[in-house]
Amino acid sequence: MLSTVTCGALAIAFIGLTLTSSVQGSNHPISNDIVCPTNSHVSFVHNNYMYNAPLHKFTDITGSFFNISWYDSAAVTSTTGTDNVPGATRSGTLAGAIFNQTLTAMDKRPDALIFSYHGNGSTFARRGYPVLTLDGYSETMRFESICGGKATYIDVLTYVCSDNQPLAYSAWSKLHTSTFDGLAMTFGATVLAGRLSSCVLILKSSP
Ligand SMILES: *[C@@H]1O[C@H](CO)[C@@H](O)[C@H](O)[C@H]1NC(C)=O
Ligand SMILES: *[C@@H]1O[C@H](CO)[C@@H](O)[C@H](O)[C@H]1NC(C)=O
Ligand SMILES: *[C@@H]1O[C@H](CO)[C@@H](O)[C@H](O)[C@H]1NC(C)=O
């Protein structure tokens, strides 16, 4: 027979799984759990964006794990495994740092692209910022078709182990915003001021 403690733990695990799947939709496995070393703590950065351009405009550019020239001009210099198959790794340089990342999930559907990866510890020296040391991080990005296919919703959730949480937050949040606003601008999509959540308003501002 299961002890009360075990049942409690199972119930919590079950609730966790239920919330996870309803937050993510579909069967996307959450791979954001990271364990931080001593003196390093988990914090998270959550950003979301909407643009008046169809999903494929984004995913044509962001749909390959082995090519992230769109992410702060990151250069992938070596890869292992098969592109877009979990377990694949990529490494190279991003924001003045070396990165080593492992793809943990990839879900490509006609109406969405969702993927997660884990990054090993690294030291980022971005211009205009103090040096930021991360002990590991994971990111889940979701690109979703909205407004009858005329607009795109982007959701980014980053878990970071660091000893400087405010800096980790501001650096990643700015990186996300400049990345996606910049990407949208390359094909003339409007950066929606105030992040309006109405399709009528989004489509009115279509380029
Ligand atoms: C990487 O993606 C960019 C943007 O879509 C593209 O211009 C470039 O040719 C791609 N690089 C490789 C090596 O496929
Ligand atoms: C991380 O990536 C760099 C740059 O590609 C590479 O030199 C290094 O060997 C990688 N380290 C690990 C642990 O994979
Ligand atoms: C990099 O992260 C992976 C998990 O994705 C872990 O298995 C591996 O040991 C880490 N490597 C280093 C050098 O930290």
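The values are calculated or read from the model by the stated rules, or taken from the named source; none is laboratory data. The shown structure was predicted, so the numbers you read here are calculated from the model rather than taken from an experiment. Cβ placement follows ideal geometry from the backbone for every residue including glycine, while neighbour counts extend to all protein chains displayed.
Assorted remarks:
- Within the set V191, V200, V160, the sole residue that is hydrophobic (A, V, I, L, M, F, W, C) and without any contact (Cβ under 8 Å) to a residue 12 or more places away in the chain turns out to be V200.
- Of all residues in the range 74-98, those that are touching a residue at least 40 places away in the same chain (Cβ under 8 Å) and closer than 27 Å to A125 by Cβ have Cβ atoms under 6 Å from Cβ atoms of residues that are basic (K, R) and surrounded by 12 or more Cβ atoms within 10 Å (Cβ to Cβ), 6 or more apart or on another chain, in A95/R126.
- Qualifying residue in the range 117-137 (condition: touching a Cys at 6+ places or on another chain (Cβ under 6 Å), away from ligand 1 (no atom under 16 Å from the Cβ), assigned by TED's automatic domain parsing to the domain that holds V191 and over 20 Å from A74 (Cα atoms)): no
- Output for the range 35-90, where each listed residue is among the aromatic types (F, W, Y) and either under 20 Å from Q101 (Cα atoms) or in contact with a His (Cβ under 9 Å, 6 or more places away or on another chain) (or both): F44, Y49, F65, F66, W70, Y71
- Summed over the range 48-68, the residues that are touching a Pro at 6+ places or on another chain (Cβ under 9 Å) and under 26 Å from S78 (Cβ atoms) give a count of 0.
- Some residue of the range 43-63 being within 15 Å of ligand 3 (Cβ to nearest atom), at pLDDT 95 or above, surrounded by fewer than 18 Cβ atoms within 10 Å (Cβ to Cβ) and more than 23 Å from T133 (Cβ to Cβ): no
- S64 outside any strand (DSSP E or B), within 15 Å of ligand 1 (Cβ to nearest atom) and among the small types (G, A, S): yes
- The condition of being crowded, with 16+ Cβ neighbours inside 10 Å, closer than 23 Å to S173 by Cβ and without any contact (Cβ under 8 Å) to a residue 24 or more places away in the chain holds for only one of G128, G119, G136, that being G119.
- All of T104, T152 fail the test of being part of a strand (DSSP E or B), of a type in the set (S, T, N, Q), touching a residue at least 40 places away in the same chain (Cβ under 8 Å) and away from ligand 3 (no atom under 16 Å from the Cβ), apart from T152.
- None of Y159, Y117 is among the hydroxyl-bearing types (S, T, Y), part of a strand (DSSP E or B), in contact with a Leu (Cβ under 7 Å, 6 or more places away or on another chain) and within 16 Å of ligand 3 (Cβ to nearest atom) except Y117.
- Flag for S138 being at pLDDT 90 or above and farther than 20 Å from S43 by Cβ: no
- Residue under evaluation C147, criteria (1) more than 16 Å from ligand 2 (Cβ to nearest atom); (2) within 18 Å of T93 (Cβ to Cβ), criterion not met: (2)
- Among the residues making up the range 70-102, those that are more than 13 Å from ligand 2 (Cβ to nearest atom) and either hydroxyl-bearing (S, T, Y) or outside the structural domain of S138 (by TED's automatic domain parsing) (or both) are Y71, S73, T82.
- Condition check for T179: among the β-branched types (V, I, T), in the same structural domain as G96 (by TED's automatic domain parsing), at pLDDT 90 or above and closer than 19 Å to L55 by Cβ: yes
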